[in-house]
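Encoded as structure tokens, here's the structure I'll be asking about.
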Amino acid sequence: MKALKEETKMKFNGSFMVNKGNDEVSLFFKDLKNVIPCLPGVYDLEYGDKIKCKLKLDISDAGISAMNTISGRMTFTYNYSGNNIKIDGDGRIAGSKIQFRINIGLTPAEQETKIDWESDFNFGMIVKIMGSDRLNSVSLSNINSTIKCFKDKINAL
């Protein structure tokens with residue numbers, strides 16, 4: 001997994017394998033209700049053309065004693081198309097405007113499926129408030145938690 005930093009932007013990417021066939025994995029990602037429980041801090045969803053939600057993120061990995069969580073509101077689209085999923089959104093977290101894009105690709109591999117992903121986040125002022133190293137640490141912690149959740153849920157199908 002890599003993180004590339006630019007002023008207020010961070011890019012992450014990686015891949016992982018699950019012990020299920022592509023059809024099962026595809027059905028999992030087709031239903032957003034399977035995906036939502038794996039997204040850190042997301043709650044109070046409103047479904048429509050765009051999905052609206054609130055979130056409360058654990059940022060304790062940042063090591064800021066006076067701040068263990070930050071809250072915000074997000075709006076995003078979830079586009080499932082065969083073996084590709086695209087999530088695009090924006091919102092405000094801790095008073096800072098953020099934008100993000102996540103792409104997920106599924107590749108069959110015998111009785112397993114390879115999941116490739118990449119994300120692009122523009123954290124706005126949060127980078128300046130928390131610092132890029134702290135934000136990177138928090139982001140990686142949340143990404144690892146999300147991947148573990150996906151693996152556990154998909155392998156349990």
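For the range 140-157: of the residues being polar (S, T, N, Q) and touching a helix residue (DSSP H, G or I) at 6+ places or on another chain (Cβ under 7 Å), which is nearest to Val42 (Cα to Cα)? Please lay out each step first, then the result.
Filtering the range 140-157 down to residues polar (S, T, N, Q) leaves 141-142, 144-146, 155.
Now narrow it down to the ones that are touching a helix residue (DSSP H, G or I) at 6+ places or on another chain (Cβ under 7 Å): 141, 146.
Numbers: Ser141: 15, Thr146: 12 Å.
Step by step, filter the range 140-157, then rank; the result is Thr146.
From (1) under 30 Å from Val25 (Cα atoms); (2) touching a residue at least 40 places away in the same chain (Cβ under 8 Å); (3) not in a helix (DSSP H, G or I), pick out the condition that doesn't hold for Val138.
So the condition that Val138 fails would be (3).
Filter the range 122-135 down to residues that are in contact with a Ser or Thr (Cβ under 6 Å, 6 or more places away or on another chain) and not in a strand (DSSP E or B), then give me how many there are. Quick ask: steps written out before the conclusion?
Initial filter on the range 122-135 (in contact with a Ser or Thr (Cβ under 6 Å, 6 or more places away or on another chain)): 122-127.
Filter once more, keeping what is not in a strand (DSSP E or B): 123-127.
The total comes to 5.
Let's see how each residue does on (1) modelled with pLDDT under 95; (2) under 17 Å from Lys148 (Cα atoms); (3) surrounded by fewer than 15 Cβ atoms within 10 Å (Cβ to Cβ); (4) over 15 Å from the mean Cα position of the chain (by Cα):
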position	(1), (2), (3), (4)
Lys5	yes, no, yes, yes
Ala66	yes, no, yes, yes
Arg73	no, no, yes, no
Thr77	no, no, yes, no
Ile85	no, no, no, no
Ser96	yes, no, no, yes
Arg101	no, no, no, no
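A follow-up question, please. If a residue has to be in a strand (DSSP E or B), without any contact (Cβ under 8 Å) to a residue 60 or more places away in the chain and not hydroxyl-bearing (Ser, Thr, Tyr) to count, how many in the range 84-121 make the cut?
Let us first name the residues in the range 84-121 that are in a strand (DSSP E or B), namely 84-93, 96-109, 112-121.
Pick out the ones that are also without any contact (Cβ under 8 Å) to a residue 60 or more places away in the chain and you get 84-93, 96-103, 105.
Right, trim to not hydroxyl-bearing (Ser, Thr, Tyr) and you get 84-93, 97-103, 105.
Residues meeting the conditions: 18.
Also: If you go through the range 36-52 one residue at a time, do you hit one that is of a type in the set (Lys, Arg), surrounded by 15 or more Cβ atoms within 10 Å (Cβ to Cβ), closer than 23 Å to Ile126 by Cα and at pLDDT 90 or above? Explain how you work it out, then say what you get.
Taking the range 36-52 and keeping what is of a type in the set (Lys, Arg), we get 50, 52.
Subsequent filtering for residues that are surrounded by 15 or more Cβ atoms within 10 Å (Cβ to Cβ) retains 52.
Applying the additional criterion that residues be closer than 23 Å to Ile126 by Cα yields 52.
From the residues that got through so far, the ones that are at pLDDT 90 or above too are 52.
Yes, some residue in the range 36-52 is of a type in the set (Lys, Arg), surrounded by 15 or more Cβ atoms within 10 Å (Cβ to Cβ), closer than 23 Å to Ile126 by Cα and at pLDDT 90 or above.
What is the number of the single condition among (1) free of Cβ contacts under 8 Å to residues at least 40 places away in the same chain; (2) of a type in the set (Gly, Ala, Ser); (3) in contact with a strand residue (DSSP E or B) (Cβ under 7 Å, 6 or more places away or on another chain) that Ala66 does not meet?
(3)
So, one more: Can you name the residue in the range 46-83 that is among the aliphatic types (A, V, I, L, M) and part of a loop (DSSP other than H, G, I, E, B) and is also farthest from Ser141 (Cα to Cα) among such residues?
Just the residues of the range 46-83 that are among the aliphatic types (A, V, I, L, M), to begin with: 51, 55, 57, 59, 62, 64, 66-67, 70, 74.
The next check asks that each one be part of a loop (DSSP other than H, G, I, E, B); those that pass are 59, 64, 66-67.
Values: Ile59: 9, Ile64: 15, Ala66: 19, Met67: 16 Å.
Here the answer is Ala66.
Restrict the check to the range 8-31 and report whether at least one residue is surrounded by 18 or more Cβ atoms within 10 Å (Cβ to Cβ), within 28 Å of Gly124 (Cβ to Cβ), modelled with pLDDT of 95 or more and touching a strand residue (DSSP E or B) at 6+ places or on another chain (Cβ under 6 Å).
Looking for residues that are surrounded by 18 or more Cβ atoms within 10 Å (Cβ to Cβ), within 28 Å of Gly124 (Cβ to Cβ), modelled with pLDDT of 95 or more and touching a strand residue (DSSP E or B) at 6+ places or on another chain (Cβ under 6 Å), one finds at least one in the range 8-31, hence yes.
What number of residues within the range 136-156 are touching a Leu at 6+ places or on another chain (Cβ under 9 Å) and either charged (D, E, K, R) or more than 16 Å from Lys33 (Cα to Cα) (or both)? Spell out the reasoning first.
Taking the range 136-156 and keeping what is touching a Leu at 6+ places or on another chain (Cβ under 9 Å), we get 138, 142, 146, 149.
Filter once more, so that each one left must be either charged (D, E, K, R) or more than 16 Å from Lys33 (Cα to Cα) (or both): 138, 142.
Of the residues in that region, 2 qualify.
The values are calculated or read from the model by the stated rules, or taken from the named source; none is laboratory data. Computed from a predicted model, the values in this text were never measured in an experiment. Cβ sites come from the backbone with ideal geometry, for glycine too, and all protein chains shown count toward neighbours.
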